[in-house]
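Enquirer: Once you've had a glance at the structure underneath, I'll fire off some questions.
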Amino acid sequence: MACTTILVGKNASFDGSTLVARNEDSGSGSYSPKKFVLIKSEDQVKVYKAVISKVEIPLPSNPLTYTAMPEAVAGQGIWGACGVNSKNVAMTATETITSNERVLGADPLVVYQKPVGKKGDKDFKEEVPGGIGEEDLVSIVLPYINSAREGVLRLGSLLEEYGTYEKNGIAFQDENEIWWLETIGGHHWIARRVPDDSYVIMPNQLGLDTFDLEDALGKGENYLCSADLKVFIEKHNLDLSLDGNINPRDAFGSHSDADHVYNTPRAWILQRYFNPRSNTYDGIDADLRPDDDDLPWARVPERKITVEDIKYALSHHFQGTPYDPYKNHGDKSVAGAFRPIGINRNNFLGLTQIRKDMPEPIKAIEWLALGSNVFNTMVPFYVNITDTPAYLRDTTGKVTTESFYWINRIIAALADPHFADTANLIERYQEKVGSFGWEMIYKTDEKVIKENLSREASVKVLEEANQEIADFLKEESQDLLDQVLYVASNKMKNSFSRSDA
């Protein structure tokens, strides 16, 4: 999947939470409806069977309940995408990343091989299962971890045993830590703990720019990796540094022309957003340019980062720069030159907020926006529940205004050709829904804390809050559709100013 990820350490966030957010985007020309569900521990399978790679994986017998954002249309596997388990540990998977020929030649991806011929024939070859991938990761990892670090170690062991058929970056999060894992070839991996005072932007490219092998293979305080990584690097001459301080981007990543159009500009525009005065970003002599290969992986922001900042960032289309595809004045020669973050094929945005020093039942909040982020809004839901609201849970492949995913797809398609005429309507909608979401959080938090509700006693309160948010969201989305449809109807090519006489 083509995605964009933002990681925010607890000391860089507005309230001391860890914040992990990711846009899941479909491939070019495709769209994947998503639904918000709760997977109960008793419903978790004992043996996982992948659809794409055909691999079968026996699972532990003690799964946790967890939320997920799977595909709404069956046939290509689960693709759980992101969620929070009942221990308030979160995971998002995955950010598709890049690699290079040296790595892929040294440790090839584990790709499914179809059977050849018929059994009994001389040239018959049996089916060979592939490794694990984005389709599988949330389902086989999130229900079995008690911390972000455990998530890294469990996924790392699965990668070493089964391999992977693709190149991915995965984030794990608890109230104290965020860890980022990147796959290296078919079986190897590296991971780094996000500094508490920093944020990270990941735009479909291998991101880590420093790595401490000694720590990773020793104490593992801030770095972790596959056990044989040092030998692997030395055997295949992957370390390109002149001073022995390995740069993972040089060793394992890519520096292609395509990166400079598709990937690095997204990191550039968001570092510009979070650190507007720290560097110069424009002109030939700029400190940081959209085609730079050495944009820092982790940065300390100029101020603390909010949920609203992340929504704005993951909706970005290079507004305020010459590259904005909606630019309607001045020189438009480079408008649309770079791949936007808020793109037509955003499937959903999932932001998990794990709040330190809050009671267990309300420690985790999952913020969701479905469809194209430029035109949608993001709403909060408590996750220690027994079910999710139907407006987000019951998405199917059928186009309907009874689904948050589909109504946004309709709104976006109508509003996009009339961006300037509908932008104010979208902004008012986003502010109104967002304000109501915070009002519900403040009110619900206060009730749970004041009454000292247990996890069991709080379920009804949290589910009622979630439903009230979903009902408000549905009403406001319907109202927005009505307004945008009116604007689009008046702008139709076959309009004529004279009425019947």
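The values are calculated or read from the model by the stated rules, or taken from the named source; none is laboratory data. Quantities reported herein were computed from a predicted structural model and do not represent experimental measurements. Positions of Cβ are generated from backbone atoms using ideal geometry, with glycine treated the same way; all protein chains shown enter the neighbour counts. Side chains are part of the model used for accessible areas, which takes the heavy atoms of the whole protein and leaves out ligands, DNA and RNA. Shrake-Rupley method; radii C 1.70, N 1.55, O 1.52, S 1.80 Å.
Enquirer: So if each residue of separation counts as 0.36 nm, and I subtract the Cα-Cα distance between ASP500 and GLU456, what length gain in nm does that give?
Expert: Residue separation times 0.36 nm, minus the Cα-Cα distance, leaves 9.4 nm.
Enquirer: Classify segment 1-69: rounded, prolate or oblate, from the alpha-carbon gyration tensor (a ≥ b ≥ c, eigenvalue square roots; a/c under 1.5 rounded; otherwise prolate if a/b is larger than b/c)?
Expert: Since a/c reaches 1.5 but b/c is at least a/b, the shape of segment 1-69 is classed as oblate.
Enquirer: Counting Lys and Arg as +1 and Asp and Glu as -1, each charge on the Cβ, what is the dipole of segment 134-252 about the Cα centre in debye, to the nearest 20?
Expert: Once rounded to the nearest 20, the dipole reads 180 debye.
Enquirer: Given points 7 Å out from each Cα along the Cα-Cβ axis, report the GLU161 to ALA337 separation in nanometres with one decimal.
Expert: 4.9
Enquirer: Hey, could you pull the Cα Rg and Dmax for the chain, both in Å?
Expert: 23.2, 86
Enquirer: Something else now. Can you figure out the FRET efficiency of ALA258 with VAL51, using R₀ = 41 Å and their beta-carbon distance, to the nearest 0.05? Write out the running numbers ahead of the final one.
Expert: On the way: r = 29 Å, r/R0 = 0.70.
Working from the Cβ atoms, E equals 0.90.
Enquirer: What FRET efficiency comes out for the pair HIS329/MET492, r = Cβ-Cβ distance, R0 = 22 Å, nearest 0.05?
Expert: Computed FRET efficiency for HIS329 and MET492: 0.40.
Enquirer: With Cβ to Cβ distances under 11 Å as the rule, what net charge do the other residues near LYS87 carry (K, R +1; D, E -1)?
Expert: Neighbour charge sum, excluding LYS87 itself: -3.
Enquirer: Give the lysines reachable from LYS491 as a straight Cα distance under 22 Å; neighbours fewer than 8 places away on the same chain don't count.
Expert: Reachable lysines: LYS327.
Enquirer: Quick check: residue separation of ASN279 and GLU427 times 0.36 nm, minus the Cα distance between them. What number comes out in nm?
Expert: 50.4 nm
Enquirer: Give the ranking of TYR112, TYR223 by solvent-accessible surface, highest area first, calculated with a 1.4 Å probe.
Expert: TYR112, TYR223
Enquirer: Sticking with this structure for a sec: If you count the DSSP beta bridges with both ends in segment 2-374, what percent of them are antiparallel, to the nearest 5?
Expert: Once the DSSP bridges in segment 2-374 are tallied, antiparallel ones form about 95 percent.
Enquirer: Can you pull the one-decimal nm distance between simple spin-label points at LYS114 and LEU240, each 7 Å off the Cα toward Cβ?
Expert: 3.6
Enquirer: At 1.4 Å probe size, with every protein chain present, just tell me what the per residue accessible area of the chain comes to in Å².
Expert: On a per-residue basis, the chain sits at 43 Å².
Enquirer: At most 12 other Cβ atoms within 10 Å and a DSSP loop assignment: could you name the GluC sites (Glu not before Pro) in segment 417-501 that fit? Write out the running numbers ahead of the final one.
Expert: On the way: sites: GLU427, GLU431, GLU439, GLU446, GLU451, GLU456, GLU463, GLU464, GLU468, GLU475, GLU476; in loops: GLU451.
In loop regions of segment 417-501 (DSSP not H, G, I, E or B), the sparsely surrounded GluC sites (Glu not before Pro) are GLU451.
Enquirer: Related question: With a 1.4 Å probe and every protein chain kept in, tell me what percent of the accessible surface of the chain is carbon plus sulfur.
Expert: Roughly 50 percent, rounded to a whole number.
Enquirer: Can I ask one more? Ignoring everything except DSSP H segments at least 4 long, calculate the 222 nm mean residue ellipticity for the chain; use -39,500 (n - 2.57) per segment, divide by total residues, nearest 500. Write out the running numbers ahead of the final one.
Expert: Details: 13 runs with 148 residues, N = 501.
Mean residue ellipticity, 222 nm, calculated: -9000 deg cm²/dmol.
Enquirer: Taking all protein chains together and a probe of 1.4 Å, list VAL84, VAL73, VAL231 from the most accessible to the least accessible.
Expert: VAL231, VAL73, VAL84
Enquirer: Rank-order 493-499, 2-8 by packing density, defined as the average count of other C-beta atoms within 10 Å over each peptide's residues, highest first.
Expert: Output ranking for 493-499, 2-8: 2-8, 493-499.
Enquirer: Restrict the search to segment 148-249; then list the trypsin sites (Lys or Arg not before Pro) that DSSP places in a loop and that have at most 11 other Cβ atoms within 10 Å of their Cβ.
Expert: Numbers: sites: ARG149, ARG154, LYS167, ARG192, ARG193, LYS219, LYS230, LYS235, ARG249; in loops: LYS167, LYS219.
Of the trypsin sites (Lys or Arg not before Pro), the ones in loops of segment 148-249 whose Cβ has at most 11 other Cβ atoms within 10 Å are LYS219.
Enquirer: Ok, one more. So which GluC sites (Glu not before Pro) in segment 186-281 pass both tests, a DSSP loop state and at most 16 other Cβ atoms within 10 Å of the Cβ?
Expert: For GluC sites (Glu not before Pro) across segment 186-281 that sit outside H, G, I, E and B with at most 16 neighbouring Cβ atoms in 10 Å, the list reads GLU221.
Enquirer: With charges only on Cβ, +1 for K and R and -1 for D and E, what is the dipole size of the chain about its Cα centre, in debye, rounded to 20? Don't skip to the end; give the middle numbers.
Expert: Working: 53 positive and 75 negative charges, 202 e Å.
Dipole about the Cα centre, nearest 20: 980 debye.
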